[in-house]
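To start, the structure itself, in structure tokens.
A short reminder: the numbers here are calculations on the coordinates, not readings from a lab. None of the values given here were measured: they were computed from a predicted structure. Here the Cβ positions follow ideal geometry from the backbone for every residue, glycine too, while neighbour counts run over all protein chains shown.
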Amino acid sequence: MRMLKLIPNTTAINFTGKHLLAFAISAFLILTSIGIFTSKGLNLGIDFLGGILIEIETTGPADISALRSELGSLNLGDISLQEFGENNTVLIRIQKQDGADQSQQEAINLIKTTLGDKVQEYRRTEFVGPTVGVELQEAAIWAVFSAVTAILIYIWFRFEWQFGVGAVIALTHDVITTIGLFSLLQLDFNLATVAAILTIAGYSINDTVVIYDRVRENMRKYKKMEFTELFNLSINQTLSRTVITSVTTLLALFALYFLGGEVIRNFAIALIWGVVIGTYSSIALAVPFLLYMKPNRGDDDDKLMPDFNTDFSETK
């Protein structure tokens, strides 16, 4: 029985030979992401902005214009409505009301009274204060920064500092482009999205470590081989594993996207993009960047280690 192979074992793709093109593409993606973020910003969710969020299911297809006009007359401040998946599901966002929690509850009760029998079910009602929103923003930034720093330290101790720098550059590329995607599409950016970004960081670094491990192995095995050829060999040797892992993960994520419902859809979008861009950055950025870092081949370590390749079959 023959096994299915997505990538043949004999691949010899010249990845490092095209590294300048990959660097140019990545630079374009990063600059574009920063430009879009600067001009459009993020569509921050209720987690970060503070306010009231109500998800309703109407008895029939929702008339967004009529609902917006009806709720706008309540003088509750800024109110936004949008369809959320199905045409009978509506997401209502209301700015924080002046006063304490009682004022927020009064606003919720007023909306429920106004909507009346137009609503079949209130799926969720949430309130987040602006102070909590600011704290969550700061916590999210620190979470991402701490994860990247911890990864740098881990790679540094496991390999060498040159590998750590390459891994962090690839990881930063993945995070920035993911944020740029959310800014471009104006997808809801909430705590679930931050969790997705941290998941992307973990997935990306896992791919990078697998390839780096093969690079280190080949550096000590082929002492005279040029770095360009050695890095190409290492990437191609791990390419089958990398592609199969990514495709398998994408199958699960596409199932989440199409079948998981609207609530988890943005989370799935972030992870789908993260898997694709993370695989790309591990192959096209993290490893080729080592061409400029000139990592140690481990010659000094060899002097301290016994030669395990010695033939001990004959004893004197």
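Brief remarks on what is shown
- Centroid-to-centroid separation of the stretch 76-117 and the stretch 18-55 [C-alpha atoms, Å]: 28
- Against the chain, whose longest principal axis is taken from its Cα atoms, helix 101-115 shows a tilt of about 70°.
- Over the residues of the chain, the helix contribution to mean residue ellipticity at 222 nm works out to -21000 deg cm²/dmol, using -39500 (n - 2.57) for each DSSP H run of at least 4.
- Percentage relative contact order, the chain, counting C-alpha pairs under 8 Å, at least six apart: 25
- 0 to 90° range, to nearest 10: angle between helix 262-281 axis and the chain longest Cα axis: 20
- Across the stretch 137-252, Cα pairs under 8 Å and at least six residues apart give a relative contact order of 22 percent.
- Length gained when the stretch residue 292-residue 28 is fully extended (0.36 nm per residue, less Cα-Cα span): 93.0 nm
- FRET E, pair residue 195, residue 86, Förster distance 25 Å, beta-carbon r, rounded to 0.05: 0.50
- The length gained by stretching the chain between residue 74 and residue 39 to full extension, at 0.36 nm per residue less their Cα-Cα distance, is 9.4 nm.
- Listed values (i) 52, 20, 17; (ii) 28, 25, 17; (iii) 31, 26, 17, entry calculated as semi-axes √(5λ) of the Cα gyration tensor in Å: (i)
- Rg ratio (alpha-carbon, reference 2.2 N^0.38 Å) - the stretch 51-128: 1.01
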